[in-house]
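The values are calculated or read from the model by the stated rules, or taken from the named source; none is laboratory data. All values reported here derive from a predicted model rather than from experimental measurement. Methodologically, a virtual Cβ is constructed for each residue, glycine included, from the backbone with ideal geometry; neighbour enumeration extends over all protein chains shown. Protein only, heavy atoms only, side chains kept; ligands, DNA and RNA dropped before computing areas. Shrake-Rupley method; radii C 1.70, N 1.55, O 1.52, S 1.80 Å.
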Amino acid sequence: MAWQAPVVVHRPSPGGGRRVTIRGQIAGLAHHDADLVEFLRRAGLDEADISLDDPQLVEWRGGRAHHFEAA
């Protein structure tokens, strides 16, 4: 099986927002970076260790990073 970042931000949904999974578990629907940071904080990451542009941590799928508008 291919390596995958522990956090996956899926493509924007038709209604806006992006589904977020952390280690294969659905964390919620993020509508902006602050939502994503909160999901990661709740999963146990220290805010100082969170870099949304780190491909070792976050994989952005099906759209530009930091873009949450409807598809």
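Working carefully through the options Ala70, Ala48, find the one that is open to solvent by less than 70 Å² (accessible area, probe 1.4 Å) and of a type in the set (A, V, I, L, M, F, W, C). It is Ala70.
Report yes if Arg41 is part of a strand (DSSP E or B) and basic (Lys, Arg), otherwise no.
Against the criterion (part of a strand (DSSP E or B) and basic (Lys, Arg)), Arg41 does not qualify.
Considering only residues that are aliphatic (A, V, I, L, M), open to solvent by 40 Å² or more (accessible area, probe 1.4 Å) and part of a loop (DSSP other than H, G, I, E, B), look in the stretch 1-31 and name the one that is modelled with the highest pLDDT. For the stretch 1-31, the residue satisfying everything is Ala2.
Residues checked against (1) touching a residue at least 24 places away in the same chain (Cβ under 8 Å); (2) within 20 Å of Ala70 (Cβ to Cβ):
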{"position": "Ala5", "(1), (2)": "yes, no"}
{"position": "Ser13", "(1), (2)": "yes, yes"}
{"position": "Val20", "(1), (2)": "no, yes"}
{"position": "Arg23", "(1), (2)": "no, no"}
{"position": "Leu29", "(1), (2)": "no, yes"}
{"position": "Leu36", "(1), (2)": "yes, yes"}
{"position": "Leu40", "(1), (2)": "yes, no"}
{"position": "Ile50", "(1), (2)": "no, no"}
